[in-house]
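Let me begin by presenting the structure, written as structure tokens, before commenting on it.
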Amino acid sequence: MNKITNHMPTAELQALDAAHHMHPFTENAALAKKGARIMKSAKGVWLTDTEGHKIIDGMAGLWCVNIGYGRTEMGDVAKRQMDELAYYNTFFQTSHIPAIALAAKIAELAPEGMNHVFFAGSGSEANDTNIRMVRRYWDIKGQSEKRIIIARTNGYHGSTMGGGSLGGMAGIHAHGGKIAGIVHIGEPNWWEQGGDLTPEDFGLLRARELEAKILELGVENVAAFIGEPVQGAGGVIIPPSTYWPEIQRIVDKYGILLIADEVITGFGRTGNWFGSQTFGIKPHIMTIAKGLSSGYQPIGGSIVCDEVAEVLGSHGDFNHGYTYSGHPVAAAVALENLRILQEEHVIEHVQNVANPYLWKLWKGLEEHPLVGEAKLVGLMGSIALTPDKAKRAKFAAETGTVGYRCRERCFANNLIMRHVGDRMIISPPLVITPDEIDILISRATASLNECYAGLKADGMLVSA
Ligand SMILES: *Cc1c(COP(=O)(O)O)cnc(C)c1O
């Protein structure tokens, strides 16, 4: 078995994978028949599989490889840190240099007044922390009844019990249930749900559901509202311009805490350090993970505003933490990632080069007969597939059927572009160049053409 990493043929690797490896969010029996595509190495925006195909990664892994693959500085830092101090905890009045340095660096980059970091191993864990943190905060303030967290349908906040419950995905709730004290309001998804309203009016309508829900539950029972500045896993749903200002007004009016889940939108994805800056949001807590280390090490956390941190830190222990909170190797690697993002002006590249260049071509996809709207903020984008643009119609086939077919064409054309229902989504490494964007768009166009031809041949260009 020690030869697994070397020269085993793809078919044998696939057989072992099928026999022993349970994949997340996957029907393993179906995958076992088909065989997983096995990645072997990567550099920049390019993946290489075990068959030697060069695949352009339009998803930065799972929205995380912001600096691109293959940066050897990251491994150098990891090795140095492992040799120096491979592990120590931060529970019992101890600390270590990487956790200190990373917390201070994050505080420097975070919006004004957000100067404290509680570390976790992932985005899901960080959101579980947030649930306990906001409830504990209100306990200390003498308002123990304030326990409910309002979240949104089709939001994604991870897949632990807490994270999965905050998320508004019925498929996740169906597998294992949902913890108490979390309620959901509608999502600002104008394309699917806006009807005859303008996007701006629909944005207000959805935001005002928060106010209605607070009044229905009683503000004395509501701890916090959580939302992603842009829903990622929900399909890259960029909210109408009216949405976040109205949410902010309501949160301020009723004095509940605001949690911005920045796991995807943090660290440059939207063209600023944080999505909250792009959308003018003033959160009390921001969830971070993914781009924090560009996926080179598993690490997440909560960036906490001064007031919440002070309340939490001055009334006895907060009985919560993870063995790997602030893990020294992960923290050192994250710090190196932030250095690269900052010193190589990666976020300026997104703002001044990659976003404007991609936007011209991405918007151009709206000319394709299969594409309704094309949306992009920074380097996260989506296109809605539709049989009838004028009506923003759904396909007669079950939702996701067409999206899956399109994704399969992309995969065959060595482009990673995911589908969420019948929306295609991209989130490439932030270092993608204009030449690489050209390749991404030409493969996406070829895949859309093939998908369209296939739907036509199978008589599937039919509205629901
Ligand atoms: C991915 C994601 C999470 C969960 O992060 P994990 O590291 O997978 O646990 C939480 N929130 C958002 C917005 C995400 O995209």
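Taken together, the values in this text are just the output of simple stated rules run on the coordinates, not laboratory data. Predicted model only: the values in this text are computed from it and were never measured. So basically every Cβ, Gly included, is an ideal-geometry build from the backbone, and we count neighbours across all protein chains shown.
At-a-glance table
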read-out: Burial ranking of peptide ranges 243-254, 330-341 (average Cβ count within 10 Å, highest at the top); value: 330-341, 243-254
read-out: Sequence-distant residues sharing a close amide H with residue 40 (under 5 Å, placed H); value: 48, 49, 50
read-out: Ratio Rg/Rh, restricted to region 73-343 and using Cα atoms, in which Rh is the Kirkwood radius; value: 0.97
read-out: Restricting region 74-183 to trypsin sites (Lys or Arg not before Pro) in coil, as DSSP defines it, with at most 12 other Cβ within 10 Å; value: 141
read-out: Over region 224-377, volume per residue of the alpha carbon convex hull, in Å³; value: 142
read-out: Computed over the chain, Cα set: Rg, Dmax in Å; value: 22.3, 67
read-out: Inter-site label distance for residue 144 and residue 442 at 7 Å from Cα along Cβ, in nm; value: 6.6
read-out: Whole-number percent relative contact order across region 221-350, with pairs defined as alpha carbons under 8 Å at least 6 apart; value: 21
read-out: Lys, Arg +1 and Asp, Glu -1 on Cβ, resulting dipole of region 73-343 about Cα centre, debye, nearest 20; value: 380
read-out: Order by protection proxy (mean Cβ within 10 Å, highest first), peptides 122-130, 156-164; value: 122-130, 156-164
read-out: Selection from 154, 93, 106 lying farthest towards where the dipole of region 34-160 points positive, charges on Cβ; value: 154
read-out: Qualifying aspartates and glutamates (Cα of each under 14 Å from Cα of residue 33; at least 8 residues distant if same chain); value: 12, 17
read-out: Hz values of 3J(HN,Hα) by residue in region 393-402 - Karplus curve (6.51, -1.76, 1.60), Gly and Pro given as x; value: 6, 8, 6, 5, 4, 3, 3, x, 5, 6
read-out: Region 198-214 versus region 226-280: alpha-carbon centroid distance in Å; value: 14
read-out: Separation of the residue 93 and residue 396 label points, Cα + 7 Å toward Cβ, nm; value: 7.3
read-out: 222 nm mean residue ellipticity, helices alone, for the chain (DSSP H n ≥ 4; -39,500 (n - 2.57); rounded to 500); value: -12000 deg cm²/dmol
read-out: Relative contact order (%) - criterion: Cα under 8 Å, at least six apart; region: the chain; value: 20
read-out: Distance between region 340-385 and region 146-162 - C-alpha centres, whole angstrom; value: 28
read-out: The chain: Cys lacking any partner C-beta under 4.7 angstrom; value: 64, 305, 410
read-out: Whether region 282-353 is rounded, prolate or oblate, judged on the alpha carbon gyration tensor where a/c under 1.5 counts as rounded; value: oblate
read-out: For the chain, share of DSSP beta bridges that run antiparallel, in % to the nearest 5; value: 65
read-out: Extension gain, residue 54 back to residue 29 (0.36 nm per residue minus Cα-Cα distance, nm); value: 6.3 nm
read-out: Under 17 Å from residue 146, Cα to Cα: lysines that are on another chain or at least 8 residues apart; value: 213, 253
read-out: Normalised contact order of region 73-343, rounded percent, pairs of Cα under 8 Å and 6 or more residues apart; value: 29
read-out: Burial ranking of peptide ranges 58-66, 420-428, 311-319, 385-393 (average Cβ count within 10 Å, highest at the top); value: 420-428, 58-66, 385-393, 311-319
read-out: Stokes-Einstein D in µm²/s, Kirkwood radius over Cα pairs - region 1-145 at 25 °C with 0.890 mPa s viscosity; value: 124
read-out: Listed residue pairs exceeding 29 Å between alpha carbons, taken from 178/389; 40/389; 43/375; 43/290; 290/391; value: 178/389; 40/389; 290/391
read-out: Unit charges on C-beta of K, R, D, E only; dipole of the chain, Debye; value: 760
read-out: Fewest-first sequence of 237, 67, 182, 100 by Cβ atoms within 10 Å of each Cβ; value: 100, 182, 237, 67
